[in-house]
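J.: Right, I'll just put the structure down here and ask away after.
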Amino acid sequence: MKQNRRSFLKKAVLSTATIGMGSWLTSAGRHHGSNTPIEKGKNDWKSSFMLSDQMVYMNNGTMGVSPESVLDQTITAMRLADTMGKYGGGEEELCQSLARFLGGAPSSYALTRNVTEGTNMVLMGLKFKKGDEIVCTSHEHAGTAIPLMYRSRKDGIVLKVVDIHPNPMQTTDHILSAITKKTRLLCLPHMPCTTGQLLEVAYICREARKRNILTFIDGAHPPGMLKVDIPSIGCDFYSGCGHKWMLGPKGTGFLYVHPPAAALLPPVFVGAGTYGAYLLNTQTQSYSKPATDGHKYYYGSQNAGLFLGLAASVSFLMDELGMEQVESHAKRLSLMVRDSVKHIHEEAVFLCPDDMRYRTGVCSFRIPGMSSETICQQMRQKGIIVRHVHENNLDLVRVSTHVYNTEEDVFRFSETLKDMM
Ligand SMILES: Cc1ncc(COP(=O)(O)O)c(C=O)c1O
């Protein structure tokens, strides 16, 4: 039986990759038990993770899962602090890793705790005057939407909110058409948390720079899922995190600042690290030697374990797996998800693009007449973890798959969905 399933799965993968999926879901029969060994294949990466077989985790878009090697590295460094008093460090290593992984110079990276922190550093740090305009989308995550609305209300900045169109090129048109003489910033997701559509950020940023408009990209998703080179996007600011697709420790992130744009972004918080020298006493109040690297934006004591853990994630993705393989695995599984859902309900509505240039490891859908929230809740009760998209009242089921997911996971997901119909 196992043998049959394995050859069946192999066939399913082949047909998914080549002829656009067949009837593999119905012909497979029911899946019994969760202990089926994972077939050792080219992309069998699941064994590097400690994920329980009791559930299928398909919510990498909210929080990634670290491989065991990354956890080991994180904990080893934290133990050294607590057993040998060896604290601090790891920053240089991490900035170098980020530069190797995402391009640019190590000094262009400020280390943060999450995407939202980098977003706030930009949205609260930039100087605006009343009536200035920021263009953003109607699919922003709370981590961007709330800082945007907060700053807008505080300083009288006008938000020009454009819709994400199912066709990415039309999304680009919406964004560029919203630009006026008063536009100071485009604040856009590289990939919104909602539909998995990759935006044409390089093209948009080029158009913005021609018009002297600054660009901030919310990069919560693509780093670690797709091959990304931030400088070639041509944005001024790019905020990302280590804890989603980069599979790093929770509570890690970065803000990339294009060097010329650093002069336009004063730090919101300052402290040890921001200035190299200071004197404060009854006679003198002075500080000097401003940081010339990302330390302009981050400060104070940090956790070396988190930094070194994230550097280990970069090695895992780049050197052990290879980002081309990672990207094609994530996209292939998301196509399998799409086709399995289509097969179960032919009226299913997909908001992720079919065009592979704009496709990611995220597949979002809605089944007419069914609440996506209920589907997500029922899936969770059955051990399948997916996310409900509530943003902009879209009511979608979002399935996000990464290197630890397998065809077997897609099969378990689709069988569970089939049972709900
Ligand atoms: C597009 C997008 N932006 C921002 C965030 C916030 O990320 P963080 O929790 O790391 O601040 C998320 C989180 O899911 C997201 O999907």
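The values are calculated or read from the model by the stated rules, or taken from the named source; none is laboratory data. Every value quoted in this text rests on a predicted model; they were computed, and no experiment measured them. Glycine gets a Cβ as well: all are built from the backbone with ideal geometry, and neighbour counts include every protein chain shown. These area figures cover heavy atoms from the full protein model, side chains too; ligands, DNA and RNA do not enter into them. Shrake-Rupley method; radii C 1.70, N 1.55, O 1.52, S 1.80 Å.
J.: Restricted to segment 194-212, and to residues that are open to solvent by less than 40 Å² (accessible area, probe 1.4 Å) and under 14 Å from residue 353 (Cα atoms), which residue is nearest to the ligand (Cβ to nearest atom)?
T.: Among those residues, the one meeting the criterion is 194.
J.: Can you say whether residue 351 is of a type in the set (A, V, I, L, M, F, W, C), closer than 16 Å to residue 56 by Cα and in contact (Cβ under 8 Å) with a residue 40 or more places away in the chain, as far as the supplied structure shows?
T.: No.
J.: Given the criteria open to solvent by 60 Å² or more (accessible area, probe 1.4 Å) and within 22 Å of the chain's Cα centre (by Cα), does residue 387 qualify?
T.: Criteria not met by residue 387.
J.: Any idea which residue in segment 224-243 is surrounded by the most Cβ atoms within 10 Å (Cβ to Cβ), counting only those that are farther than 21 Å from residue 295 by Cβ and of a type in the set (D, E, K, R)?
T.: 227
J.: Let me ask something else. Among the charged types (D, E, K, R) and assigned to a loop (DSSP other than H, G, I, E, B) - does that describe any residue in segment 64-85?
T.: No, segment 64-85 has no match at all.
J.: Which residue out of 398, 380, 357, 412 is at pLDDT below 95, outside any loop (DSSP other than H, G, I, E, B) and not aliphatic (A, V, I, L, M)?
T.: Testing whether each residue is at pLDDT below 95, outside any loop (DSSP other than H, G, I, E, B) and not aliphatic (A, V, I, L, M) leaves just 357.
J.: I'd like the full set of residues that are within 16 Å of the ligand (Cβ to nearest atom) and open to solvent by 10 Å² or more (accessible area, probe 1.4 Å), limited to segment 121-137.
T.: 121, 124
J.: Check 104, 61, 118 and return the single one that is among the small types (Gly, Ala, Ser) and more than 16 Å from the ligand (Cβ to nearest atom).
T.: 104
J.: In addition: From 190, 221, which residue is open to solvent by 10 Å² or more (accessible area, probe 1.4 Å), within 12 Å of the ligand (Cβ to nearest atom) and in contact (Cβ under 8 Å) with a residue 12 or more places away in the chain?
T.: 190
J.: Anything in segment 271-291 that is farther than 29 Å from residue 80 by Cβ and either more than 37 Å from the chain's Cα centre (by Cα) or at pLDDT below 90 (or both)? List them, or say none.
T.: 278, 279, 280, 281, 282, 283, 284, 285, 286, 287, listed by residue number.
J.: Quick test of your reading of the structure: residue 408 fulfils all but one of (1) open to solvent by 20 Å² or more (accessible area, probe 1.4 Å); (2) over 30 Å from residue 47 (Cα atoms). Name the failing condition by number.
T.: Of (1) open to solvent by 20 Å² or more (accessible area, probe 1.4 Å); (2) over 30 Å from residue 47 (Cα atoms), only one is false for residue 408: (2).
J.: Still on this structure, please answer the following. What pairs come out if I take residues in segment 362-375 that are within 22 Å of residue 191 (Cβ to Cβ) and pair them with residues that are assigned to a helix (DSSP H, G or I) and open to solvent by less than 60 Å² (accessible area, probe 1.4 Å) whose C-beta lies under 6 Å away, six or more apart or interchain?
T.: Pairs found: 363/334; 363/337; 363/338; 365/341; 366/372.
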